[in-house]
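What follows draws every value from the coordinates through simple rules; no lab data is involved. On a predicted model such as this, the values are computed, not experimentally measured, just so you know. Note that we place each Cβ from the backbone using ideal geometry, even for glycine, and neighbour counts take in every protein chain shown.
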Amino acid sequence: MANHFTRRAWFSAMAALPLANASPTKQMRGIFIIMATPFTESGSVDYEDLRREVDFLTNCGVHGMVWPQLASEYTTLSREERLRGMKVLARASTGRRPALVLGVQGANVQSAIEYLKVAEDLGPDALIAIPPSEASSVDDYRRYYSSLAESAKRPLFIQTTGGAKGLIPPVDMITSLARQFPCLGYVKEEASPVIERMLALAGNRPVVKSVFSGNAGKGMLYEWRLGMDGTMPGAPFSDAYVHIWDAWHANDHAKAREIFARLLLMINLDTVIPGTRQYIMKRRGVFHTTVSRRQNVKLTPRAVEEIEYCFEGLKPYLKV
């Protein structure tokens with residue numbers, strides 16, 4: 001009986017061990033879209049449109065879907081909304097080609113761990129965490145990511161922006177954590193100087209496994225020339241990003257540059273005309289409204305005319 005108990009206890013202990021040494025089943029490489037969060041006219045999260053966004057992104061051919069992050073308006077979401085949204089996406093993404101990456105960031109270690117445990121049970125392909133807003137030092141960042149890594153069983157991206165004001169995770173901290181925790185070494189790099197930091201991270205391969213950019217992918221062609229692994233832009237023009245990725249990696253750099261030039265017009269409009277991305281998500285039939293919790297979207301006829309004019313040039317490169 002004693003031997004039987006010991007054997008059973010051994011198997012139980014092994015089953016409980018983190019799977020951090022396991023390779024991700026889906027590559028952490030390519031166009032990973034930061035999903036937008038849809039809202040009803042009354043301002044509630046529209047979970048049916050969130051599910052429909054998975055269909056849209058899958059049809060666009062993206063390599064990954066990430067939610068919730070800054071472009072998802074995650075800071076406006078309640079705990080209950082985040083947890084329900086993760087469950088909706090886990091169900092909707094089952095059997096789909098894109099990798100699902102769930103955001104587990106919190107203001108502090110305790111809240112982030114709570115999100116991570118729920119996310120782990122849902123079985124995504126990877127996790128991502130923005131730095132904690134309540135941190136006051138780099139050591140706080142180190143403790144935060146160490147605690148998450150100790151509980152993670154799958155790849156965990158470190159995002160380098162969006163945390164405590166004026167506090168950026170140093171590259172040497174990221175790489176030392178990656179050496180300590182095999183589930184780390186996946187980075188979304190947005191902190192300045194971005195290219196220098198990306199090159200420093202890439203110089204620590206294979207400990208550093210994937211280096212992605214953000215910032216709407218504005219620097220992606222140069223980043224890919226330097227050997228980086230992908231970008232995490234917003235959702236409205238997902239198929240255009242995929243088209244650029246495919247052309248670039250087929251060595252048709254002229255075509256990639258041509259599409260990118262047209263995409264940049266739309267990226268610029270999102271800054272010049274706030275509400276562009278919400279308009280496009282509705283225009284493309286993904287969302288039912290243009291409602292945002294961060295801004296009141298009221299586009300003038302002239303604004304809509306300009307959006308439509310620039311969007312027309314991108315239409316030949318859309319898949320959906």
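Provide the net charge surrounding Ala135, with neighbours chosen by a C-beta distance below 11 Å and charges set as Lys +1, Arg +1, Asp -1, Glu -1. That works out to 0. Placing unit charges on each Cβ (+1 for Lys and Arg, -1 for Asp and Glu) gives the range 22-237 a dipole about its Cα centre, and among Gly234, Phe56, Val187 the Cα reaching farthest toward its positive end belongs to Val187. Working value for the range 51-121: equivalent-ellipsoid semi-axes of 22, 12, 10 Å, each the square root of 5 times a Cα gyration tensor eigenvalue, largest first. When the chain is treated as a GNM, springs tying every alpha-carbon pair under 10 Å, which of Ser111, Ser44, Ser78 comes out with the largest mean-square fluctuation? Highest fluctuation among the options: Ser78. Comparing Tyr141, Tyr186, Tyr222 in a Gaussian network model of the chain where C-alpha atoms under 10 Å apart are linked, the largest mean-square fluctuation is found at Tyr222. Given +1 at the Cβ of Lys and Arg, -1 at the Cβ of Asp and Glu and no other charges, the dipole of the chain around its Cα centre is 620 debye to the nearest 20. With the helix formula -39500 (n - 2.57) applied to DSSP H stretches of n ≥ 4, the chain reaches a computed 222 nm mean residue ellipticity of -15000 deg cm²/dmol. Per-peptide packing, taken as the mean over residues of other Cβ atoms within 10 Å, places 214-221, 195-202 in the sequence 214-221, 195-202 from highest down.
Each peptide in 147-153, 277-283 receives the mean, over its residues, of other Cβ atoms within 10 Å, and ordering these scores from highest gives 277-283, 147-153. For the chain, set up a GNM with springs between Cα atoms under 10 Å and report which of Arg79, Arg154, Arg51 has the largest fluctuation. Evaluated over the chain, the most mobile residue of the options is Arg79. Please list, by residue number, everything in the range 225-245 whose backbone N is under 18 Å from a paramagnetic label point 7 Å out along Cα→Cβ of Glu81. In the range 225-245, the label zone of Glu81 (backbone N under 18 Å from the point 7 Å along Cα→Cβ) covers 235. Among the listed pairs Lys188/Lys298; Lys87/Lys117; Lys255/Lys319; Lys282/Lys319; Lys282/Lys315; Lys153/Lys209, those with a Cα-Cα distance over 20 Å are Lys188/Lys298. The residue among Ala247, Met281, Leu263 whose Cα reaches farthest toward the positive pole of the charge dipole of the range 242-286, with charges on the beta-carbon of Lys, Arg, Asp and Glu, is Met281. Among the listed options (1) 78, 44, 35; (2) 69, 45, 38; (3) 77, 44, 40, the one matching Cα extents along the principal axes in Å as calculated from these coordinates is (3). Remark: spin-label model distance Lys165-Lys298 equals 2.9 nm, labels positioned 7 Å along the Cα→Cβ axis.
With contacts taken as Cα pairs under 8 Å and at least 6 residues apart, the chain reaches a relative contact order of 19 percent.
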